[in-house]
Ligand SMILES: [Zn+2]
């Protein structure tokens, strides 16, 4: 079972739109990025032309940045976001496996 990346996600009182298209890829590629959380306009950008597993991991990563921004005053550093995103990704995948 694949994890479906939604079109939007609620984080606190905000609705973040999730954008993933050719235009977004051009912007992200120019910055050498695969994802970006834009808090000022409540948009999460995810690179479209990328392996599905990487897209899910990027979605979790950028969502964690938004959670950190909304609930935690943007205190987590990049390494911590990476660790939590990778851990969550593994746990969510495990929960989806039929024999778990
Ligand atoms: Zn990050």
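Some points to look at:
- Among the residues listed as 17, 23, the single one being loosely packed, with under 13 Cβ neighbours inside 10 Å, modelled with pLDDT of 95 or more and not in a loop (DSSP other than H, G, I, E, B): 23
- Residue within region 55-78 that is more than 12 Å from the ligand (Cβ to nearest atom), assigned to a helix (DSSP H, G or I) and more than 22 Å from residue 13 (Cα to Cα) present: yes
- Any chance residue 76 is within 12 Å of the chain's Cα centre (by Cα), under 17 Å from residue 36 (Cβ atoms), in contact (Cβ under 8 Å) with a residue 12 or more places away in the chain and surrounded by 11 or more Cβ atoms within 10 Å (Cβ to Cβ): no
- Residues of region 72-88 satisfying the condition of being touching a helix residue (DSSP H, G or I) at 6+ places or on another chain (Cβ under 8 Å) and either modelled with pLDDT under 95 or over 21 Å from residue 2 (Cβ atoms) (or both): 74, 75, 76, 81, 82, 84
- The condition of being at pLDDT 95 or above, in a loop (DSSP other than H, G, I, E, B), more than 22 Å from residue 15 (Cα to Cα) and within 12 Å of the ligand (Cβ to nearest atom) holds for residue 33.
- The residue that is surrounded by the most Cβ atoms within 10 Å (Cβ to Cβ), among those in region 32-60 that are farther than 23 Å from residue 92 by Cα and free of Cβ contacts under 8 Å to residues at least 12 places away in the same chain, is 38.
The values are calculated or read from the model by the stated rules, or taken from the named source; none is laboratory data. Everything quoted here is computed from the prediction, not taken from an experiment. Here Cβ is always computed from backbone atoms with ideal geometry, including for glycine, and neighbour counts include all displayed protein chains.
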